[in-house]
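The structure under discussion appears below in the form of structure tokens.
Only the coordinates and a few stated rules stand behind these numbers; no lab work does. All values derive from a computational prediction rather than experimental measurement. Cβ atoms come from the backbone with ideal geometry, glycine included; neighbour counts cover every protein chain shown.
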Amino acid sequence: MCGMNVRPNWTFSMDLTTSPGATLPCGVTKTSTNAKRAWKPYCCGYILDRAWYKAEAQARFCSPNETPAMYHRTRFLFGLVAEAGLGGVAHFRNVKFRGRSALCVALASNKSESAMILPAQEKIEKLKTLLGTEEPPKWYEYDG
């Protein structure tokens, strides 16, 4: 099999062939009515306010120069998900939010059926505490 392009035979138990505009799990809606449906990737998670995480990173690491500041922002973001116990589970994705691109801590995606499963509730609660929100994670269209 080495060097051959073999695609796995995926089977899903979820019915994604409902009528146009029907709501999929967690509020994701279909957008196409054609027989060959266009698949749109979505992420479920939390939008991060850029000003907030830049200020938090600077407050923790005190770096006025732009090059070290970028490093500290990245370090802060990965530390945030690690502190919530979501290291290796959560990803950072650009998503569409209010007509613009925004950074999202993605906890799940519609990439596959197994990727749609959210992490344990206590980890989500810890992340909500760190982010200072009471809202549940929401679905956003991937912007990448």
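Averaged over residues, the count of other Cβ atoms within 10 Å places the peptides 97-103, 108-114 in the sequence 108-114, 97-103, highest first. Legend: calculated FRET efficiency, Ala38 to Phe92, from the Cβ-Cβ distance at R0 = 35 Å, rounded to 0.05, equals 0.90.
Panel order for Tyr140, Tyr53, by other beta carbons found within 10 Å of each beta carbon, from fewest to most: Tyr53, Tyr140. Summarising the label geometry, the points placed 7 Å from Cα in the beta-carbon direction at Thr129 and Arg60 lie 1.6 nm from one another.
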